[in-house]
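The values are calculated or read from the model by the stated rules, or taken from the named source; none is laboratory data. These numbers come from a predicted model, not from an experiment. Quick reminder, even Gly has a Cβ in these numbers, built from the backbone with ideal geometry, and neighbours come from all protein chains shown.
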């Protein structure tokens, strides 16, 4: 049988290839002729598939409850008005409000006035919560407890958008809500965790009333730094009695 020589493509390196060690962004891919090299094309398709999988993934509720119980905190399992993922993706408004059963759960709970309500929500990436939420809480909750802040029952909420934390915090009579939620997955970060903080939560608030800390994951903002930033903003929020655009993260200035 005649042997055929395998011709390897001539991949032309990119002049910016040295920058790839500083970022996960898709830069300096090189080229083969006028095309992207096959290996980079396959990696792009894999990243796209991971992002799609993240959107349609589910919370590991049992593991989350076990993690919360280690802090001796009660927990609620709640659900938005979006009955399933398809509705959630097409009707963002339904993801911002609790369904009737969830509202009843919170109304029937004999809630005293608490300082902080922690909400854990799938958002657009349940893997972000499954992979990172417990690590953030391990660093954050001891800071809250040491400061003498009363923590309301932790609320694990499915098919949820950011604004649902306003309704939850209001029903639990909390002065401030802290939401951990899966961010929109990117092609280099399908499991990025975001945290939103709202003082005096109530239905009808808009985005300028909240503070956001994003890209919490080992490749981004590490857990301890994220917890420190969240705690700083909580303290400042209580001091100034506000949150949102008027509340600034000045931790870098304080460290300097």
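Structure values in brief
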item: Residue that is farthest from the chain's Cα centre (by Cα), among those in the range 70-92 that are free of Cβ contacts under 8 Å to residues at least 12 places away in the same chain and over 12 Å from residue 159 (Cβ atoms); result: 72
item: For residue 67: the one exception among (1) on the phi > 0 side of the Ramachandran plot; (2) out of contact with any strand residue (DSSP E or B) (no Cβ under 8 Å at 6 or more places or on another chain); (3) touching a residue at least 12 places away in the same chain (Cβ under 8 Å); result: (1)
item: So residue 50, is it at pLDDT 80 or above, more than 15 Å from residue 190 (Cβ to Cβ) and either in a helix (DSSP H, G or I) or in contact with a helix residue (DSSP H, G or I) (Cβ under 6 Å, 6 or more places away or on another chain) (or both); result: no
item: Some residue of the range 134-141 being under 19 Å from residue 198 (Cβ atoms), part of a loop (DSSP other than H, G, I, E, B) and more than 12 Å from the chain's Cα centre (by Cα); result: no
item: Top-ranked residue in the range 229-250 [being over 19 Å from residue 114 (Cβ atoms) and touching a strand residue (DSSP E or B) at 6+ places or on another chain (Cβ under 7 Å); ranked as surrounded by the most Cβ atoms within 10 Å (Cβ to Cβ)]; result: 229
item: Counted residues, the range 72-85 - those being surrounded by fewer than 17 Cβ atoms within 10 Å (Cβ to Cβ) and assigned to a loop (DSSP other than H, G, I, E, B); result: 5
item: Tabulated pairs, the range 16-45, first on the phi > 0 side of the Ramachandran plot and surrounded by 13 or more Cβ atoms within 10 Å (Cβ to Cβ), second assigned to a loop (DSSP other than H, G, I, E, B) and at pLDDT below 75, C-beta under 9 angstrom, 6+ apart or interchain; result: 28/13; 28/14; 28/15; 28/16; 30/11; 30/13; 30/14
item: Residues located in the range 103-130, provided they are more than 21 Å from residue 167 (Cα to Cα) and either more than 16 Å from the chain's Cα centre (by Cα) or surrounded by fewer than 18 Cβ atoms within 10 Å (Cβ to Cβ) (or both); result: none
item: Residue check, residue 71 at pLDDT 95 or above and more than 14 Å from residue 181 (Cβ to Cβ); result: no
item: Given (1) closer than 30 Å to residue 221 by Cβ; (2) out of contact with any helix residue (DSSP H, G or I) (no Cβ under 6 Å at 6 or more places or on another chain), index of the condition residue 103 fails; result: (1)
item: The range 86-102 - residue that is over 21 Å from residue 176 (Cβ atoms) and in contact with a strand residue (DSSP E or B) (Cβ under 9 Å, 6 or more places away or on another chain) and, of those, surrounded by the fewest Cβ atoms within 10 Å (Cβ to Cβ); result: 101
item: Output for the range 146-159, where each listed residue is under 20 Å from residue 66 (Cβ atoms) and either part of a strand (DSSP E or B) or without any contact (Cβ under 8 Å) to a residue 40 or more places away in the chain (or both); result: 151, 154, 155, 156, 157, 158
